[in-house]
Amino acid sequence: MPDDSQEPRIFVDSEWKQQAQREKEELDRQTRQPRQDQSPAEPSILEIAHILVMQAMAGLGGLQDAQTGQAIPPNLPVARHFIDLLGVLLEKTRPNLTDEERRSIEGTLHELRMAFVQIVEQLEAGVSAPPSSPGA
């Protein structure tokens, strides 16, 4: 029977909670106030595609944890889901896309699919390091 004294314990520091709440409120206040020195970019389909690409890259293990700096491990079902969503976005909006938008999304989609296949092959071969990020 394991010794219970060796198990990690969680300590809750109420001062930490208060500091986190203050930071959250400050961030909320900052995001609600319009920035006077910078106007937001014009919304575009490429911004929506970029959101999906970032999620796919996270699923492919192509991003690092901002706090620890360590690579986020691949989560292939998540990666496949967001790659497929990008494909759906392309197919459903194709008639309305400019040539530049279409080429950009198609190229990125191709790179993500190739990275997905490469990671699957590496994982099957027992290699844990993800390939270079798409577009790099």
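The values are calculated or read from the model by the stated rules, or taken from the named source; none is laboratory data. Every value quoted in this text rests on a predicted model; they were computed, and no experiment measured them. Using ideal geometry, Cβ is built from the backbone for each residue, glycine included, and neighbour counts are taken over all protein chains shown.
Summary table below
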quantity	calculated
Count of residues meeting criterion [over 22 Å from the mean Cα position of the chain (by Cα) and surrounded by 15 or more Cβ atoms within 10 Å (Cβ to Cβ)] in segment 61-101	2
Of residues in segment 46-60 being β-branched (Val, Ile, Thr) and surrounded by fewer than 18 Cβ atoms within 10 Å (Cβ to Cβ), the one farthest from Lys92 (Cα to Cα)	Ile51
Some residue of segment 15-22 being of a type outside the set (D, E, K, R), surrounded by fewer than 10 Cβ atoms within 10 Å (Cβ to Cβ), part of a helix (DSSP H, G or I) and at pLDDT 65 or above	no
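Yes or no, residue by residue, for (1) in contact with a Lys or Arg (Cβ under 6 Å, 6 or more places away or on another chain); (2) of a type in the set (Val, Ile, Thr); (3) within 20 Å of His110 (Cβ to Cβ):
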site	(1), (2), (3)
Gln55	no, no, yes
Ala58	no, no, yes
Gln64	no, no, no
Gln70	no, no, no
Val78	no, yes, yes
Leu85	no, no, yes
Lys92	no, no, yes
